[in-house]
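Here's the structure, in structure tokens; my notes come after.
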Amino acid sequence: MTLEILICTTEKRLAQVCDVLLPQREDLAYLVSCQYEDDAPCVPNALMSRTDVRVLMLKGRGLSINRNNTLLHAVNDVLLIADDDCRYLPQMVDEVLKVYQENPDVDIALFKVDGMSKYYPTQVTDYTMKDFLGPYSIASVEMTLRCSSVRSCGLQFNPNFGLGSKSLASGEEQVFIKDALDKGLKVRFYPCAIGTTKEGTTGDLFLNNPLVQRSKGATFCYLFGSVKAFVLCFKESLHYLIYKRVNPIKLLYQMNLGIRLCNSFVKAK
């Protein structure tokens, strides 16, 4: 069994990918998808010289589109969704592959990444729809996939969600897992750290970024439908009023815009 680390980046950050690479081993490979707008950048020698690294160039913008490009071209048994700012532990390769070897029913395994200021379960837990309203919020860099499972059901990231999309800035991980559950895939969390990061998630910018606020409303709508989404957005706004003394009207307005956007995406299908 082999692991492939899927790294999405842009032309300005391509050189950072070199810092993600672990020592070479036969059961580990990397697939880098680099988005650019004008001219394709030169690939650094440090990447070119590695026989275990493939680099794809993709014109345009959109993190979900970039991730889908890696899913399309991946070839190994297990795939790890990575960012160019995450640093993975050498022992994680054996730990991740062991999970998939010992648990043939698992299609998506979620792990911990140190450095994130967030809650993690303390034991192995199957992830279900009710967990979307729990304290654990999934980040893409914690996510690994069984390639054959993803391919067989055509699972992809929704390009309407995530950084670089036209109207929304986050929510792609929750939407991806919702689609996976709808397709009957088994999603399970393992309380094992596979890497470290110093950067937070886009969702951390909720209070200061209208696009992130809008994304939360759209994500709620995608997960639970319009009516429940509005109730959840209302509760979210009250929470920030009570505990952060933040004007709830602006938050609710942006989140409601997100609900309307999500409904427009569904109608456009």
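The values are calculated or read from the model by the stated rules, or taken from the named source; none is laboratory data. In this text the structure is predicted, and so the values were computed from the model without any measurement. We place every Cβ from the backbone using ideal geometry, glycine too, and count neighbours over all the protein chains shown. Just the protein is used for accessible areas: all its heavy atoms, side chains included, with ligands, DNA and RNA removed. Shrake-Rupley method; radii C 1.70, N 1.55, O 1.52, S 1.80 Å.
Okay, here's what the table says:
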{"quantity": "Förster radius 25 Å - calculated FRET efficiency between Cys153 and Met1 (Cβ-Cβ, nearest 0.05)", "calculated": "0.80"}
{"quantity": "List Thr10, Thr197, ordered by accessible area with a 1.4 Å probe, largest first", "calculated": "Thr10, Thr197"}
{"quantity": "Theoretical FRET efficiency, 1/(1+(r/R0)^6), r = Cβ-Cβ of Asp39 and Ser167, R0 35 Å, to 0.05", "calculated": "0.80"}
{"quantity": "Interchain or long-range residues, amide H under 5 Å from Glu11's placed H", "calculated": "Gln35"}
{"quantity": "Share of carbon and sulfur in the accessible heavy-atom surface of the stretch 65-139 [1.4 Å probe, %]", "calculated": "52"}
{"quantity": "Isolated Cys in the chain, by beta carbon distance under 4.7 Å", "calculated": "Cys8, Cys18, Cys34, Cys42, Cys86, Cys147, Cys153, Cys192, Cys233"}
{"quantity": "Calculated log₁₀ intensity ratio I(q)/I(0) where the Debye formula runs over C-alpha points of the stretch 1-143, q = 0.15, 0.20 Å⁻¹", "calculated": "-0.81, -1.30"}
{"quantity": "Surrounding net charge for Thr2, when Lys and Arg each add one and Asp and Glu each subtract one, Cβ distance under 9 Å", "calculated": "-4"}
{"quantity": "Entries in Lys112/Lys235; Lys59/Lys178; Lys112/Lys166; Lys112/Lys186; Lys112/Lys250; Lys98/Lys198 that, when Cα-Cα distance is taken, lie over 22 Å", "calculated": "Lys112/Lys235; Lys59/Lys178; Lys112/Lys166; Lys112/Lys250; Lys98/Lys198"}
{"quantity": "Theoretical gain in end-to-end length, Arg25 to Lys12 [0.36 nm per residue, Cα-Cα removed]", "calculated": "1.9 nm"}
{"quantity": "The chain: calculated mean residue ellipticity at 222 nm from DSSP helix runs of at least 4, using -39500 (n - 2.57)", "calculated": "-11500 deg cm²/dmol"}
{"quantity": "Extension gain (nm, one decimal) between Arg188 and Asp94, 0.36 nm per residue minus Cα-Cα", "calculated": "32.1 nm"}
{"quantity": "Residues of the chain: accessible area per residue with a 1.4 Å probe, Å²", "calculated": "48"}
{"quantity": "Estimated vicinal HN-Hα couplings, Hz - the stretch 221-232 in sequence order (Karplus 6.51, -1.76, 1.60; Gly, Pro = x)", "calculated": "5, 5, 6, 10, x, 4, 5, 5, 4, 5, 4, 5"}
{"quantity": "Environment charge of Tyr36, counting only residues whose C-beta is closer than 12 Å and scoring Lys/Arg +1, Asp/Glu -1", "calculated": "0"}
